[in-house]
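Q: One structure coming up, written as structure tokens, with questions to follow.
The values are calculated or read from the model by the stated rules, or taken from the named source; none is laboratory data. Since we're looking at a predicted model, the values are computed, not measured. Cβ sites come from the backbone with ideal geometry, for glycine too, and all protein chains shown count toward neighbours. Note: areas computed on protein heavy atoms with side chains; ligands, DNA, RNA excluded. Shrake-Rupley method; radii C 1.70, N 1.55, O 1.52, S 1.80 Å.
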Amino acid sequence: MTTGWDCPNILNLALMRPIFSPTEFIQIKGRGTRIHTFECQLQQGDEIELLAIKKEEFKMFDFFAVCEYFEEEYKYDEVLKLPSKGVLDQTPVSLVSDIKQKSDGFENPDGDKLAKITETRVGVSGMKIDRMFFQQFEDRVKQDADILKEIEAGNMESAMGLTADKSLTNQKNFSLLKNCGKHLKLIVR
């Protein structure tokens, strides 16, 4: 569910493993943000009624505190270093060493963590990961004289084209292109 799959009617996302890549998290989270209208034909006697309900929210079940990680711990200004070859060759440590197998199933000594689930609503301003990456995008656009000239002239299509052309040469910016127009309009305000 990280790239290349579009399911606009999805209502629930479950994060079932840790995620440390901001791009991967944005891709996964973005699956739930797709616009969709659920439609159903109801027949009562000879009359057929079309029922349409717009999708206005989705739920993300975060079993590994990924949202908290990107909200509180991720260092957005840190330049990451590639690990040495020796680190990649090490065998990973098991994350489930405390779970014991019994003849009739499995026993978890930590109790039922699902019973303690809380729901956190994300407001209009979005999550920190969204604000941080789009702020970087906005800063880059505001420093580009060619793009600013087109925005000030009211040539939004041209400004979007310039932004896309300049972003395509930078792999880091590629994921921002889909929302380019919306964010260029916000920059003008």
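Q: Suppose every Lys and Arg Cβ carries +1 and every Asp and Glu Cβ carries -1, with no other charges. What dipole size does region 7-77 come out with about its Cα centre, to the nearest 20 debye? Each step should come with its number before you reach the end.
A: Working: 8 positive and 13 negative charges, 58 e Å.
I would put it at about 280 debye.
Q: Now a separate question. Set the bar at 23 Å for Cα to Cα. Now go through Lys128/Lys149; Lys75/Lys128; Lys54/Lys113 and name every pair that lies beyond it. Could you put the intermediate results ahead of the total?
A: On the way: Lys128/Lys149 30 Å; Lys75/Lys128 11 Å; Lys54/Lys113 32 Å.
Flagged as over cut-off: Lys128/Lys149; Lys54/Lys113.
Q: Which order do the peptides 113-125, 132-144 come out in when sorted by mean C-beta neighbours inside 10 angstrom, highest first?
A: Top to bottom by mean Cβ count within 10 Å: 132-144, 113-125.
Q: What percent does the relative contact order of region 15-75 come to when contacts are Cα pairs within less than 8 Å and at least six residues apart?
A: Worked out over region 15-75, it gives 42 percent.
Q: Within region 27-86, what whole-number % of the accessible surface is contributed by carbon and sulfur, with the 1.4 Å probe and all protein chains included in the calculation? Don't skip to the end; give the middle numbers.
A: Working: 2580 of 4990 Å².
Reported share for carbon and sulfur atoms: 52 percent.
Q: Let me ask something else. Would you mind getting me the FRET efficiency between Glu57 and Asp110? Use the beta-carbon distance for r and R0 = 25 Å, nearest 0.05. Each step should come with its number before you reach the end.
A: Values: r = 30 Å, r/R0 = 1.21.
Calculated transfer efficiency: 0.25.
Q: Moving on to the next point. Taking all protein chains together and a probe of 1.4 Å, list Tyr76, Tyr69 from the most accessible to the least accessible.
A: From most exposed to least exposed: Tyr69, Tyr76.
Q: Going by amide H atoms built from the backbone, whose H comes under 5 Å of the H on Leu13, apart from near neighbours?
A: Lys59, Met60, Phe61
Q: Just to confirm a number: summing +1 for Lys and Arg and -1 for Asp and Glu over residues other than Gln41 whose beta-carbon lies under 14 angstrom from that of Gln41, what do you get?
A: In short, -4.
Q: Can you pull out the chymotrypsin sites (Phe, Trp or Tyr not before Pro) in region 1-63 whose DSSP state is coil and whose Cβ has at most 10 other Cβ atoms within 10 Å? Don't skip to the end; give the middle numbers.
A: Working: sites: Trp5, Phe20, Phe25, Phe38, Phe58, Phe61, Phe63; in loops: Trp5, Phe20, Phe58, Phe63.
The qualifying sites are Trp5.
Q: Additional query: Got a sec to turn the phi values of region 142-159 into Karplus ³J(HN,Hα) couplings, 6.51 cos²θ - 1.76 cosθ + 1.60 with θ = phi - 60°, whole Hz, x for Gly and Pro?
A: 5, 8, 9, 4, 5, 5, 4, 4, 5, 4, 5, 7, x, 8, 5, 4, 5, 4
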